[in-house]
There are 2 protein chains.
Amino acid sequence: MTTTLSVNSPAIDNSHLKALNQLDIPARLLLGPGPSNADPAVLAAMDRQPIGHLDKAYLALMDEVQELMRYAWQTDNHLTLPVSGTGSAAMEATLANTIEPNDKVLVCVNGYFGHRLVDMATRYGAEVSTLHRPWGEVFTTAEIRTALATHRPAVMAMVHAETSTGVCQPMAGIGDLCREYDCLLILDTVTSLGGVPLFLDQWGVDLAYSCSQKGLSCPPGSSPFTMSDRALAKLNNRKSNVANWYLDMSLLSNYWGKGRTYHHTAPVNMTYAIREALRLLAEEGLAARWQRHQNAAERLYAGLEDMGLECHVPREYRLHTLTTVRIPDGVDGKAVTNQLIDQHNMEIGGGLGDLAGKVWRVGLMGYNATPENVDKCLAALKQVLADLG
Amino acid sequence: MTTTLSVNSPAIDNSHLKALNQLDIPARLLLGPGPSNADPAVLAAMDRQPIGHLDKAYLALMDEVQELMRYAWQTDNHLTLPVSGTGSAAMEATLANTIEPNDKVLVCVNGYFGHRLVDMATRYGAEVSTLHRPWGEVFTTAEIRTALATHRPAVMAMVHAETSTGVCQPMAGIGDLCREYDCLLILDTVTSLGGVPLFLDQWGVDLAYSCSQKGLSCPPGSSPFTMSDRALAKLNNRKSNVANWYLDMSLLSNYWGKGRTYHHTAPVNMTYAIREALRLLAEEGLAARWQRHQNAAERLYAGLEDMGLECHVPREYRLHTLTTVRIPDGVDGKAVTNQLIDQHNMEIGGGLGDLAGKVWRVGLMGYNATPENVDKCLAALKQVLADLG
């Protein structure tokens with residue numbers, strides 16, 4: 001008995017059949033908000049055949065990735081693992097695993113990703129209150145204390161490195177306040193991990209998330225997530241299941257922990273890639289890595305100043321990995337970014353939200369944080385501004 | 001004013017710093033339930049520098065991927081796109097976007113993934129009822145009609161290709177029943193897409209999901225999702241937001257559709273990979289692709305029979321991509337799979353759930369569905385059984 005197609009099947013419809021050429025990707029220098037270029041060693045590591053997600057060789061890899069993520073973040077958190085998606089999935093994982101319906105959540109909003117945290121937290125049934133600052137400013141511990149005392153949230157979420165504004169939030173004292181008010185602290189480190197100083201445990205951060213395609217010089221698709229024992233206690237005491245199966249850490253921790261219980265198929269090749277990215281970070285060392293980013297950023301600031309361009313953020317709060325540059329009066333910002341792509345194969349970003357049309361966003365992240373790239377960027381920008389001026 | 005690390009920063013803790021060697025992955029022939037081996041052309045496509053997820057070159061790629069997914073699934077659904085995660089994320093996307101709290105959902109359960117659908121649907125607040133069949137059997141249209149008439153669900157979910165049992169569900173008439181009872185039909189095609197005949201529109205399927213690492217011969221991490229206009233109408237009429245931000249199609253369709261509105265950073269290199277996988281499928285053609293899988297499966301059945309081994313599923317319901325083989329009495333199934341890995345670098349799967357310890361699972365999927373691989377598998381299995389016997 002055969003089930004040959006012609007007998008039982010409808011005819012195949014070829015209306016969506018396209019004959020495509022092999023992939024042809026332009027060689028871009030990615031100096032925008034991300035993705036950044038990958039380290040060629042990371043691409044080489046990714047370009048291997050997959051193995052099974054329960055293969056002992058894969059399980060060994062998982063341990064290595066977890067341990068080096070702890071180093072990168074400066075945390076001892078046992079529950080530290082890559083989420084099988086891009087940074088927004090890891091962001092959602094922090095909220096999904098901490099929020100039960102009607103929990104009070106306080107979100108500090110001074111940019112695009114603060115708004116996203118509000119949107120996500122609301123979907124998980126939280127009673128969300130917000131503390132606002134203009135895009136480009138930071139929060140003070142005094143105003144955070146007042147907000148904690150007023151709202152008494154179970155969870156507070158804030159952004160360490162706001163990719164939409166180029167601000168780096170000073171973290172001293174904030175974790176202590178969250179402990180004083182018995183509240184978990186979630187921190188967005190999407191644009192800081194692997195680029196600027198991060199000390200999760202010293203800062204008293206309970207949950208953090210990041211991405212692979214910025215400071216780690218890896219393609220997007222495997223996203224660091226960590227949670228403290230304090231956060232885990234809240235998870236273990238939930239009355240309801242986590243309202244998201246794919247991101248449920250009570251299940252995922254059994255796969256990434258001792259049980260090795262199958263949850264979902266891991267993005268195996270992305271794990272190869274992030275393992276190599278973390279290996280390279282460990283080889284360079286955090287101090288050297290952070291210094292390299294600082295040097296690149298300071299070279300950029302000096303060059304912009306020479307060109308008469310202004311940064312949007314006061315110097316002391318600037319994020320080394322991502323610089324917002326004010327678009328001068330009379331200049332069409334979009335025309336500039338288009339010409340950078342078309343004539344220089346160079347990507348820089350435009351503004352988002354409150355800063356749309358007002359700034360460019362220049363990223364110097366991971367593999368790309370070099371003096372050569374700063375000089376290329378400044379030269380290209382100078383030429384395009386002259387051409388369009 | 002510099003912010004040199006040594007001034008403001010705590011000391012770096014090196015307790016999690018490990019010096020690792022470069023990645024060393026064993027060369028496995030993956031003949032289990034997935035991941036399967038990737039086509040080398042897919043790995044080559046993936047091994048390119050990322051570009052921006054709003055780059056016009058990337059936007060062109062997105063259109064190509066969407067169009068070839070429609071061909072692969074035989075659907076005209078406009079909303080057809082890859083989810084930025086592995087197959088379980090795409091599975092969750094079908095439920096998250098159709099279920100509002102207290103919606104009635106009927107799940108047909110005859111294997112592991114039916115149970116997972118129940119778990120997920122429950123988390124989205126559905127009132128779930130189930131129709132059960134033993135692991136290895138299929139559902140009849142008569143019993144489905146009775147269940148629809150009894151429960152009157154808004155959504156029915158079932159599995160076309162049960163990876164845990166090796167059963168392929170006949171689909172004739174089921175879509176018509178769902179329309180008669182005004183219910184959306186969700187279909188799991190994780191182990192059928194790119195391997196066995198699939199005609200979503202002819203079958204009246206409203207939502208389907210799949211993965212990249214089986215019939216498509218791609219690494220895991222980019223997962224096909226599609227929804228019909230009927231399903232979209234339910235999404236557009238929701239009273240509440242989709243309870244999952246990352247998978248919310250009302251947002252994602254603006255990025256994958258005309259608006260190109262940024263939602264989350266796409267896993268760019270995984271899109272390169274699945275685009276190449278779909279290009280190869282289009283080049284081979286669906287009829288030839290399905291026939292190749294059928295031929296490989298029949299060669300396997302014949303070889304197993306020669307060895308005196310039995311398949312768990314009656315021939316007419318066998319899934320060509322995944323065969324469940326009964327472990328003979330007195331044989332330690334786990335010892336066999338371990339020895340296949342250790343001595344032959346060959347992965348086959350064990351049983352899950354009700355079939356744990358009772359079957360092996362042999363996958364012949366995508367790039368791996370060749371007579372040479374069938375022969376390798378049979379020879380290795382014969383030798384291991386002799387060695388252990």
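Every number here is computed from the coordinates shown, using simple stated rules; none is lab data. The model shown is predicted, which means the values in this text are computed figures rather than measured ones. Cβ placement follows ideal geometry from the backbone for every residue including glycine, while neighbour counts extend to all protein chains displayed.
Just a few scattered comments:
- With neighbour counts taken as other beta-carbon atoms within 10 Å, the residues B:D332, A:D24 rank, fewest first, as A:D24, B:D332.
- Take the Cβ atoms of A:N21 and B:R238, set R0 to 35 Å, and the FRET efficiency comes out at 0.30.
- Derived scalar couplings between HN and Hα for the stretch A:51-58 equal 10, x, 6, 10, 5, 4, 5, 6 Hz in order, rounded to whole Hz, by the Karplus curve 6.51 cos²θ - 1.76 cosθ + 1.60 (θ = phi - 60°), x for Gly and Pro.
- The H on the amide N of B:T191, modeled in the peptide plane, is under 5 Å from the matching H of B:A161, each at least 5 residues off or on a different chain.
- For the stretch B:352-363, 3J(HN,Hα) per residue [Karplus equation, 6.51 cos²θ - 1.76 cosθ + 1.60, θ = phi - 60°, Hz, x = Gly/Pro]: 10, x, 4, 9, 4, x, 9, 9, 9, 10, 10, x
- Antiparallel bridge percentage (DSSP; both residues within the stretch B:40-282; nearest 5): 35
- Cα centroid separation - the stretch A:201-280 against the stretch A:69-137, whole Å: 13
- Residue-averaged 222 nm ellipticity for the protein assembly as shown, from DSSP H runs of 4+ at -39500 (n - 2.57), nearest 500: -12500 deg cm²/dmol
- Largest GNM mean-square fluctuation among B:E92, B:E305, B:E127, using chain B with Cα springs under 10 Å: B:E305.
- Between this copy and the others, label points of B:D332 are 7.5 nm apart in ascending order, each placed 7 angstrom from Cα in the Cβ direction.
- Between B:R145 and A:S129, the distance separating the two model label sites (each 7 Å from Cα on the Cα→Cβ line) works out to 5.9 nm.
- Distance between modelled label sites at A:A60 and A:D182, nm, 7 Å Cα→Cβ extension: 4.7
- The GNM of chain B, with springs linking C-alpha atoms under 10 angstrom apart, assigns the highest mean-square fluctuation among B:I341, B:I12, B:I174 to B:I12.
- Out-of-range pairs (alpha-carbon distance over 19 Å; input A:K334/A:K358; A:K334/A:K382; A:K258/B:K358; B:K104/B:K239; B:K334/B:K358): A:K258/B:K358
- Summing charges over all other residues whose Cβ lies under 13 Å from the Cβ of B:P101, with Lys and Arg as +1 and Asp and Glu as -1, gives +2.
- Taking the inverse of the mean reciprocal distance over all distinct Cα pairs, the Kirkwood hydrodynamic radius of the protein assembly as shown comes to 26.9 Å.
- The C-alpha atoms of the stretch B:249-348 occupy a region whose extents along the principal axes are 60, 32, 25 Å, arranged from largest to smallest.
- Table column - 3J(HN,Hα) (Hz), the stretch A:16-27, Karplus curve with 6.51, -1.76, 1.60, x for Gly and Pro: 9, 7, 10, 8, 9, 6, 5, 4, 10, 9, x, 7
- Comment: the Cα-to-Cβ extended label point of A:A142, at 7 Å, lies 8.0 nm from its counterparts in the other copies, nearest first.
- Gain on full extension, evaluated as 0.36 nm per residue between A:D306 and A:L388 minus their Cα-Cα distance, stands at 27.6 nm.
- For chain A, alpha-carbon Rg and Dmax in angstrom: 22.4, 79
- Residues with amide H under 5 Å from that of A:V83, placed H, sequence gap 5 or more: A:S223, A:F225
- Taking amide H as placed 1.01 Å from N in the peptide plane, the amide H of A:V359 sits under 5 Å from that of A:I327, A:G351, each at least 5 places away or on another chain.
- GNM flexibility winner over chain B from B:R238, B:R152, B:R292 (Cα, springs under 10 Å): B:R238
- Other residues with beta-carbon under 14 Å from the beta-carbon of A:G215 carry, at +1 per Lys or Arg and -1 per Asp or Glu, a net charge of 0.
- Of all beta bridges that DSSP places with both ends in the protein assembly as shown, some 50 percent have antiparallel geometry.
- Between this copy and the others, label points of B:L388 are 6.6 nm apart in ascending order, each placed 7 angstrom from Cα in the Cβ direction.
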